[in-house]
Amino acid sequence: MVRIRVLVVDDHRIFAESLAAALAAEPDVDVSAAGSGPAALRCLERAVAEGRRYDVLLVDADLGGQLPGGRAAVPVQEANEEGLVDGISLVVGVRSAHPAVRVVVLAEKDDPRRAALALQAGASGWVAKDCSLSRLLNVIRGVLRDETHLPPALLTGVLRELTAARKHRTESERLVESLTPREREVLRCMVAGLGRKAVAERLFLSPHTVRTHMQNVLGKLGVHSTLAAVALARRAGVGPVDLGPTGRIMPEESSSA
């Protein structure tokens, strides 16, 4: 029997453990859980090193909180202190570093704009958290067949958002062109889902300098959050930074921008 390896990424411990336990009851599913974006990325990297890659990530759209202490029935990895990664930014980082992994976003409510952002980031599906287990399993198996899954009620809204996004691409490109080469490097790191400390280490800068660059990027792009900056960058065709086989950032030419 071919087994499906699933990683649940959610910072609500009870939900993560309950979902992981329900999925683990399926005879063809192996499941683990992580409580933050950085923890999920560590799980993926460790799995690759051990030759047991994950097939599907189930990512909380509202990911971003730290987990309290305590021992979980299903081990949930703790968050990094330095860099919480929101759900859609995590999609970008996973699809960049682990392109074979399919990502499904789990959401509290239907939101066409955020669902469109998730699809643009590389997600294969957007599913309500209160859907049935059978529905979720159908989605998991479907995305492994390269299917894209959205609730029917979201289709019209998502298509409208994607059409509008194409119209905004030219303006987004103009804003990105206003960045300095260093700010553009920082933006590409943000698109890859790297936190401030990780960006500082990879660009050989101080965290304070990176924070200044990030603030400048947000200001020049006219946005107020990393998520908004990443969404704008993706619209402009800015790809995530290429870390290369050694983890070092490769030259700017590797970007799709």
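Things to note:
- Average accessible area per residue (Å²) across the stretch 83-239 - probe 1.4 Å, nucleic acids and ligands excluded: 47 Å²
- Cβ-defined net charge surrounding G142, 11 Å radius [Lys, Arg +1; Asp, Glu -1]: +2
- Extension gain, H224 back to E45 (0.36 nm per residue minus Cα-Cα distance, nm): 61.4 nm
- Point-to-point label distance, E171-D110, nm (Cα→Cβ direction, 7 Å offset): 2.7 nm
- Backbone HN-Hα couplings from phi across the stretch 204-214 [Karplus 6.51/-1.76/1.60, Hz, Gly and Pro as x]: 6, 10, 7, x, 5, 5, 5, 4, 4, 4, 4
- Once the chain from A24 to A100 is taken as fully extended at 0.36 nm per residue, the excess over their C-alpha distance is 25.2 nm.
- Placing dummy labels 7 Å off each Cα toward the beta-carbon, the span from V2 to A128 is 3.1 nm.
- The accessible surface of the stretch 119-234, taken with every protein chain in place and a 1.4 Å probe, is 53 percent carbon and sulfur.
- Taken along the Cα-to-beta-carbon direction at a fixed 7 Å, the label points for R211 and L155 span 4.8 nm.
- Within-11-Å neighbourhood charge of P240 [Cβ basis; K, R +1; D, E -1]: +2
The values are calculated or read from the model by the stated rules, or taken from the named source; none is laboratory data. Only a predicted model underlies this, so the values are computations on that prediction, with no experimental measurement involved. Cβ atoms come from the backbone with ideal geometry, glycine included; neighbour counts cover every protein chain shown. Quick note on the areas: whole protein, heavy atoms, side chains included, nothing else; ligands and nucleic acids left out. Shrake-Rupley method; radii C 1.70, N 1.55, O 1.52, S 1.80 Å.
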